Amino acid sequence: MIDQVTIAKIMDAAQIKDVVSEFVSLKQRGANYIGLCPFHNEKTGSFTVSPAKGIFKCFGCGEGGNAVHFIMKHEQLSYVEALKYLAKKYHIEIEERELSEAEQQQQSDRESMFALNRFAQKYFSDILKNHIDGKSIGMSYFQERGFSEAVIEKFQLGYCLNEQDAMTREALKNGYKKEFLQKTGLSYFSENGRVADSFRGRVIFPWHSLSGKVIAFGGRVLDARTKGVSQKYKNSPESEIFKKGNELYGIFQAKNAIVREKCVYMVEGYTDVISMHQCGIENVVANSGTALDVAQIRLLHRLTPNITLLYDGDGAGIHAALRGIDMLLLEGMNVKVLLLPDGEDPDSFARNHSAEEFVEFIRTNQLDFIRFKATQLLADAKNDPLKKASAITDVLNSVSLMQNTILVSEYIKLCSDLFEKSEAILYSELNKLKAKRNKDEFVKSEEFASPLPTENTFLSLDTDLSNSEKNILRFVLQYGNETVLLRNNNGEEVEVRIAEYILKELRCDNLKFSDTLHEIFLTELEQHLGDEGFSPSTFFVTHQNPDVSLLAADLLTEKYQLSRIFSKNDVTEKTLNAMTSTAKRRIEELKKQQEEDKKIWLINAVNSAINEYKKIVVSSKIKELERCLRDNTAADVTQMMKEHARLSEIKRKLASALGQVVVK
Ligand SMILES: [Zn+2]
């Protein structure tokens, strides 16, 4: 854990413009900077950086946050990893805090497994490079495949000796525990005390997480031993650090290239990935033969919406491709498919071609998925009219998953040509499929919805409540340090900060925000409002809790900026100098008037936000009471009726109250 002082130092050093410009070219526009968003495809810049607020915001895709959020998102790192990344960039030494016992408990299992995997990876690599068997068996296998030293290093390939338990003994000798050798699946302990290395006699392909941690291993038996072995490849079992459906082989080595090339190639095997890297194509990952999982697709989608599936020309490849397509479409990916020439796989093709040739081959031969699917299914159906009809439905079903109506119309045109059916018929079929799916989804959501109609009103109350809390926080962040003159109970005028005013108004009624994240803002505001030079926006945007800082950044960059109303009519110093003294005085008066108008507007807006919030709180209490009375669960009915009357009166007052505070 990184201690708070260090986090503050990092936040302070990591100026948003500086951090972002390493990845995005920015142009100044007024007080802000504009560039092309790195998180979605765009031609005109809607990606905005505000150095004054310390935040970025894309008005195209909605991404936003402070410098740490930017690095988290861009480099696909966790919060702590992003902090470390920035600390390194700004030469800040990290002082890690001792973990609490509970945190240790939570972290230690995963950490121990990562540590063991790191050890095992180094051990396997060392054997491959230095042990006589490693060199003569493992290394010669990789060399036969044409892998260079550089690519072996890049993918941290290794070899596990064909001995009973050499790796396990070495790990135990180095203090790694049996428990984690078992949990990671590196070793096998039988009940009668026999111990074995799970990957013995195999070359090793480590799996890395997006941030480069070794999360699992794949092991391949060597050709000489392949005969009679049922499993050519073996993977680490699922564990706390390895969920196969969430991971993709090669993602760590590919992530930057995927973002740079704005597309990813999906292949089947480890050696496909490595050979393509060696050939010079780095935006490639593998899911090692199984069907794609939604989590894997989302992982990719964070990097690019464009995917090309590369498959061997044989039947198995084609069917794997067809299976994955619908899920990719549902997740909004643009899918293309490339079948390699007969007898070739990405591995062999990469070994015999240059990167330019390979990329050119992909470019000219890849088919968009509809054409691919339609062609394949039509070929299967031959002249069977029933099969042909079901092929049409199948393809249209895929089309119906797409959100982009222009693309849909293009695909309908294409299908009309391929299937020799009129577009009108295909559209009517498409609409039927959509209607059916909507109905299915409706039924599904009905099943989940509560049958009690009263619950729904509570649900909407909840969102109203959360929104009204956010609305108040928006004033805290945008205007918290502005002051207004108020008259206190003794009739004296006092200058009060908006943040202070809001806090008092809420706390005098003992109100706490219902959303725990929102309540953090209030609690910390109470603690730090008196700090010297305290600025709510800076404090919360650079807050050490990433959820807090993200929400703060969001509330500061709403499309509708309240202050815009008052930012017009600004007279520059230069114009002012050129004016006559009478005109100058008038302008000064106007400015003063405007300043006062703004304060009146502000306090009224704050008051109505607070009243709105209180009204919602009171309404939900009234509803709760009414429910108790209706269900006869009330212990003391008279008391409840009294409370009901009292709350109703408050609600009435709140509804009519607005801007009752005296403002000068
Ligand atoms: Zn964007």
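The values are calculated or read from the model by the stated rules, or taken from the named source; none is laboratory data. If you're wondering where the values come from, they're calculated on a predicted model, not measured in any experiment. Ideal geometry is used to build each Cβ from the backbone, glycine not excepted, and the neighbour counts take in all protein chains shown.
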Revision key, fill the gap. Within segment 355-377, the count of residues that are out of contact with any Lys or Arg (no Cβ under 9 Å at 6 or more places or on another chain) and of a type in the set (Phe, Trp, Tyr) comes to 2
Exercise for review: Spot the failing condition for Ser46; the list is (1) away from the ligand (no atom under 13 Å from the Cβ); (2) among the small types (Gly, Ala, Ser); (3) surrounded by fewer than 18 Cβ atoms within 10 Å (Cβ to Cβ), and only one is missed.
Suggested key: (1)
Check your understanding: When you look at Lys183, is it buried (at least 16 other Cβ atoms within 10 Å of the Cβ), basic (Lys, Arg), touching a residue at least 40 places away in the same chain (Cβ under 8 Å) and in the same structural domain as Phe114 (by TED's automatic domain parsing), yes or no?
Key -> yes
Practice item. Scan segment 232-248 and give yes if some residue there is at positive phi, in contact with a helix residue (DSSP H, G or I) (Cβ under 9 Å, 6 or more places away or on another chain) and buried (at least 24 other Cβ atoms within 10 Å of the Cβ), otherwise no. Key: no
Study note, to complete from the structure: The number of residues in segment 1-39 that are surrounded by 15 or more Cβ atoms within 10 Å (Cβ to Cβ) and either closer than 20 Å to Lys262 by Cβ or within 16 Å of the ligand (Cβ to nearest atom) (or both) is 12
Check your understanding: Which condition breaks for Met327 when tested against (1) more than 13 Å from Glu268 (Cβ to Cβ); (2) modelled with pLDDT of 80 or more; (3) of a type in the set (A, V, I, L, M)?
Key -> (2)
Review point. If you go through segment 489-518, how many residues are touching a helix residue (DSSP H, G or I) at 6+ places or on another chain (Cβ under 9 Å), loosely packed, with under 14 Cβ neighbours inside 10 Å and in a helix (DSSP H, G or I)?
Key: 1
Practice item. Would you mind stating whether Phe521 is outside any loop (DSSP other than H, G, I, E, B) and surrounded by 17 or more Cβ atoms within 10 Å (Cβ to Cβ)? Key: yes
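Can you name the residue in segment 49-93 that is part of a loop (DSSP other than H, G, I, E, B) and within 14 Å of the ligand (Cβ to nearest atom) and is also farthest from Leu299 (Cα to Cα) among such residues?
Phe59
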Check your understanding: Would you call Gly158 surrounded by 20 or more Cβ atoms within 10 Å (Cβ to Cβ), among the small types (Gly, Ala, Ser) and not assigned by TED's automatic domain parsing to the domain that holds Glu81?
Key -> yes
Revision key, fill the gap. Only one of Glu429, Glu420, Glu410 is at pLDDT 85 or above and on the phi > 0 side of the Ramachandran plot, namely Glu420
